[in-house]
Amino acid sequence: MASYYNNNTWLWLNGTLVKASDAKMDFYSQSLHYGYSVFEGIRSYATENGTTKIFKATEHYDRLQRSAKALNMPYHWNTPALTAATYDLLQKNNLQDAYIRPIVYAPANMSFVQNDISFLAIEVWEMQPFLGDKMVRVMTSSFQRPNPKGFKIEAKAGGHYVNSILASQEAKAGGFDEALLLDINNNVAEAPGANLFFEKNGKLFTPALGNILPGITRATVLELCQNLGIAVTEGKFTTDDVKQADAAFFCGTAVETIGIQSLDDYTFPAHWDATASEKIQQAYKNLVREKSNSLIVETI
Ligand code: PMP
């Protein structure tokens, strides 16, 4: 297993910096027992001019707040203060390129009633792209994404990730790198921790919102498409649609953008370097590091 901290690591716990090895939480927490937590996955990057930049910090901390609200969890923090605290935490840990994991969790409570307090921890560590940097072989999962009528699907909630873990483990046990999950209507939805785009004749397609986590990277890709003049359609698609595509990729904060080599026994035929998808991948890499030729100027 990866090591996320050592004796010199600091984390932010309810407003104070504490050593990760000294931090404590309650074993009777409703979050531990029932998966009742909300969290974020954020990345920071060393930019071209040497400064550290948290990519889309506002979008992520705003989503954390919306996720907490969706689950009826009290939330008494605000995005600018949390963003500032995260920059301090990165500095304290001497990190520029980092993965940032804020998690809102519940107090001791073995019942299902609402709490009058929540806690927040922010952890940071170095993390390579989640699925590596080589094109991935993907399996259509036997697990569907959760029914939006059974879960607050637009929230990034701890319990939802049991579904992700099952799908990912199934794919790996089958000799694949990652899973692609369908929604309850058998349309393609998303990966366990990333959104999907596929490409046909230079145009991009991606599942519409409704059965997927509204990814911040997905939104960034949509912006990049607009800036690069690449046509993109959001809609309902089946695996048969994907298996007629020239190319495909996953996108998410942890995976960044990663090309898909194959889905089940279908190999995407286009040469990756000749695709619009590869242009998006390059543009995303430039954007997060604020390279001078990046196409979107970040305002935060
Ligand atoms: N879908 C799921 C299920 C995820 O866990 C993630 C990662 N948060 C994504 C999509 C991508 O979201 P984002 O681009 O905001 O990281």
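The values are calculated or read from the model by the stated rules, or taken from the named source; none is laboratory data. Owing to the predicted nature of the structure, the values given are computational and were not obtained by experimental measurement. All Cβ positions, even for glycine, are placed from backbone atoms using ideal geometry, and neighbour counts span all protein chains on display.
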Checklist entry - Listed residues 191, 157, 167, 121; which is in contact with a Leu (Cβ under 7 Å, 6 or more places away or on another chain) and assigned by TED's automatic domain parsing to the domain that holds residue 90? => result 121
Next on the checklist: Restricting to the range 39-78, give me the number of residues that are away from the ligand (no atom under 15 Å from the Cβ) and either under 23 Å from residue 159 (Cβ atoms) or touching a Leu at 6+ places or on another chain (Cβ under 9 Å) (or both).
Outcome noted: 10
Item to check | Candidate set from the range 216-241 (those that are in a loop (DSSP other than H, G, I, E, B) and not basic (Lys, Arg)); member that is nearest to the ligand (Cβ to nearest atom) | outcome: 237
Next on the checklist: So, in the range 139-158, how many residues would count as being touching a His at 6+ places or on another chain (Cβ under 9 Å) and more than 11 Å from the ligand (Cβ to nearest atom)?
Outcome noted: 2
Checklist outcome for this item: The residue that is surrounded by the fewest Cβ atoms within 10 Å (Cβ to Cβ), considering only those in the range 182-209 that are away from the ligand (no atom under 13 Å from the Cβ) and in a loop (DSSP other than H, G, I, E, B), is 201
Next on the checklist: I'd like to check something: does the range 288-296 contain any residue that is touching a strand residue (DSSP E or B) at 6+ places or on another chain (Cβ under 8 Å), over 26 Å from residue 66 (Cα atoms) and buried (at least 22 other Cβ atoms within 10 Å of the Cβ)?
Outcome noted: no
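Please count how many residues of the range 142-175 are within 17 Å of residue 34 (Cα to Cα) and either at pLDDT below 95 or not in a helix (DSSP H, G or I) (or both).
Residues meeting the conditions: 8.
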Checklist entry - Is there any pair linking a residue in the range 159-178 that is closer than 19 Å to residue 132 by Cα and within 13 Å of the ligand (Cβ to nearest atom) to one that is aliphatic (A, V, I, L, M) and in a helix (DSSP H, G or I), with Cβ under 7 Å and at least six apart or on different chains, and which? => result 178/171
Checklist entry - Residue check, residue 111 against (1) hydroxyl-bearing (Ser, Thr, Tyr); (2) in contact with a Lys or Arg (Cβ under 6 Å, 6 or more places away or on another chain); (3) in a loop (DSSP other than H, G, I, E, B), all met but one. Which one? => result (2)
Checklist entry - In the range 41-75, how many are in a helix (DSSP H, G or I), over 27 Å from residue 292 (Cβ atoms) and in contact (Cβ under 8 Å) with a residue 40 or more places away in the chain? => result 7
Checklist entry - What pairs can you find where one residue is in the range 20-40 and assigned to a helix (DSSP H, G or I), the other is within 16 Å of the ligand (Cβ to nearest atom) and of a type outside the set (A, V, I, L, M), and their Cβ atoms are less than 8 Å apart, with a gap of 6+ or different chains? => result 31/37; 31/158; 34/159
Checklist entry - Within the range 121-180, which residues are surrounded by fewer than 18 Cβ atoms within 10 Å (Cβ to Cβ) and acidic (Asp, Glu)? => result 126, 133, 154, 170
